[in-house]
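Visitor: Take a look at this one; I'll ask things after.
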Amino acid sequence: MPRNPGPLFGFCLGVIAFLGPLSIHVYFPVIPAVKAAFGLSDALAQATFSVAVLGMGVATIAYGSLADRYGRRPVLLSGLCLFLLGSVLSAVAMNVPMLVAGRLVQAIGAGCGVTLVRTIARDAYGAERLVKAIAYLTMFYTLGPMISPVVGGMLVDTLGWRSVFAFSVVAAAAITAGVYLVIYETRPPGDAGQRGSVMGSFAELLVQPRFTALVLQTGFSTGTFLIVSTASATLMKELLGRPATEFGLWFMLLPFGFMSGTMISSRLGNRASTEAMVLTGALLCVAAVAVQAALLLSLAPTPLLFFLPGALVTMSQGIALPYAQAGAMATIPRLAGTAAGIGVFVQQVLGAGFAQLYGLIADGTPRPMIVAAALSAVLGVAVGAFAFMLKRSTLAARKID
């Protein structure tokens with residue numbers, strides 16, 4: 001097995017990291033178009049989005065153990081084929097059940113990229129080059145949300161909503177071909193078959209209050225982001241009458257906010273405690289939601305009122321998420337991989353749940369978005385404060401001892 005991956009290998013890994021945003025973010029401008037095409041309620045239209053986030057979250061847990069057992073390459077190629085199949089089903093869907101099924105298969109396939117790209121990078125580059133590799137992959141992952149809604153919006157406005165899935169088919173075929181030709185098996189030979197009790201590892205982590213609080217915080221913050229994102233897509237089209245392309249351009253403020261937050265986190269690094277930064281991000285999220293609520297309830301809605309506070313929401317994510325994820329994986333170091341899988345699962349499932357909550361109460365005005373976003377943001381502060389107080393009490397106990 002080659003141990004010196006070249007530039008093309010790294011580029012392919014970066015493109016794989018793009019799969020998640022392609023599955024999730026490119027669909028934002030499609031939601032109002034699908035709603036109109038099939039005559040759906042807000043709840044059903046939102047379900048075509050939420051089912052994908054939920055499916056991806058569930059799939060991330062399975063991919064890690066499957067890759068440990070059968071190897072990275074065959075599991076990755078299988079996931080890519082599922083993404084391709086789901087894109088085809090979605091493109092030709094003649095009814096809502098077929099569309100939901102296609103979206104679910106597509107998202108389950110995309111879960112392979114979310115889970116395996118960092119595992120393959122760790123195998124191929126080793127500990128000494130892993131930090132640079134992860135930074136490179138994060139750049140691709142962040143570019144995805146900036147590009148995908150713009151591309152999706154332009155396709156919806158010019159060629160119709162099915163063209164978004166046709167684009168996904170072409171992209172998936174190209175990525176799958178590239179992976180088949182370039183990505184080799186990276187699992188160390190001695191790791192085959194090494195696996196313990198999965199449920200036992202889950203239980204060992206979930207009984208740790210700090211771990212549970214940190215992963216819940218990532219889920220609540222993701223819920224706030226998905227509520228603001230999906231609600232803005234629908235309200236821009238139906239309330240303000242703006243084209244999908246314009247939504248995609250405004251949406252670029254949200255990943256820009258996230259990048260700004262991650263820059264703050266990377267600069268501070270270990271100089272700030274995990275719990276303090278998680279709570280800081282949660283408080284900023286609540287403040288952003290409160291400002292947006294005040295503006296939307298007192299002024300006529302405009303795109304700026306949706307997306308400028310939304311950028312502060314994603315900035316809060318960029319501040320809190322790296323610390324929460326790193327803190328969760330450090331809870332029991334030997335279970336870092338399992339902790340990462342649980343973290344992604346909770347993040348995606350809670351995010352999908354809150355996005356669907358908005359769909360159930362949506363009424364064509366900004367008020368349901370305000371209510372749902374406030375609920376998830378307040379819960380994020382609650383678990384962030386719990387982790388912070390737990391840290392304070394632990395330090396106080398050590399001083400007494």
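Visitor: Would you kindly give the portion of the calculated P(r) for the range 1-134 that falls above 18 Å, as a percent of all Cα pairs?
Guide: Pairs farther apart than 18 Å: 56 percent.
Visitor: Next question. Express the accessible area of the chain per residue in Å², computed with a 1.4 Å probe while the remaining protein chains stay in the model.
Guide: Ligands and nucleic acids excluded, the figure is 42 Å² per residue.
Visitor: Just from its helices, what would the mean residue ellipticity at 222 nm be for the chain, if runs of 4 or more DSSP H residues each count -39500 (n - 2.57) and the sum is divided by every residue, rounded to the nearest 500 deg cm²/dmol?
Guide: Mean residue ellipticity, 222 nm, calculated: -29000 deg cm²/dmol.
Visitor: Of the accessible area of the chain, with the probe set at 1.4 angstrom, what percent is carbon plus sulfur?
Guide: 72
Visitor: Which of the helices in the chain meet the span-like rule: DSSP H, Cα axial reach of 20 Å or more, Kyte-Doolittle mean at least -0.5?
Guide: 42-70, 72-91, 96-159, 162-182, 209-238, 253-268, 274-298, 303-329, 336-361, 367-400
Visitor: Rounded to whole Å and sorted largest first, list the principal axis extents of the Cα atoms in the chain.
Guide: Result, largest extent first: 58, 57, 35 Å.
Visitor: Still on this model: What is the packing order of peptides 238-248, 17-27, taking the mean over residues of other C-beta atoms within 10 Å and listing the highest first?
Guide: Result, highest mean Cβ count within 10 Å first: 17-27, 238-248.
Visitor: From Cα pairs below 8 angstrom and at least 6 apart in sequence, can you work out the relative contact order of the chain, rounded to a whole percent?
Guide: For the chain, the relative contact order is 25 percent.
Visitor: Add +1 for every Lys or Arg and -1 for every Asp or Glu among the other residues with Cβ under 15 Å from the Cβ of Ala372, and state the total.
Guide: Residues near Ala372 contribute -1 overall.
Visitor: Could you rank the peptides 304-310, 111-117 by their average count of other C-beta atoms within 10 Å per residue, with the highest value first?
Guide: The peptides rank, most packed first, as 111-117, 304-310.
The values are calculated or read from the model by the stated rules, or taken from the named source; none is laboratory data. Bear in mind that the values here come from a model prediction, so they are computed numbers and not experimental data. As a convention, Cβ positions derive from the backbone with ideal geometry for all residues, glycine included, and neighbour counts pool all protein chains shown. Heads up: the accessible areas ignore ligands, DNA and RNA and are worked out on the full protein's heavy atoms, side chains in. Shrake-Rupley method; radii C 1.70, N 1.55, O 1.52, S 1.80 Å.
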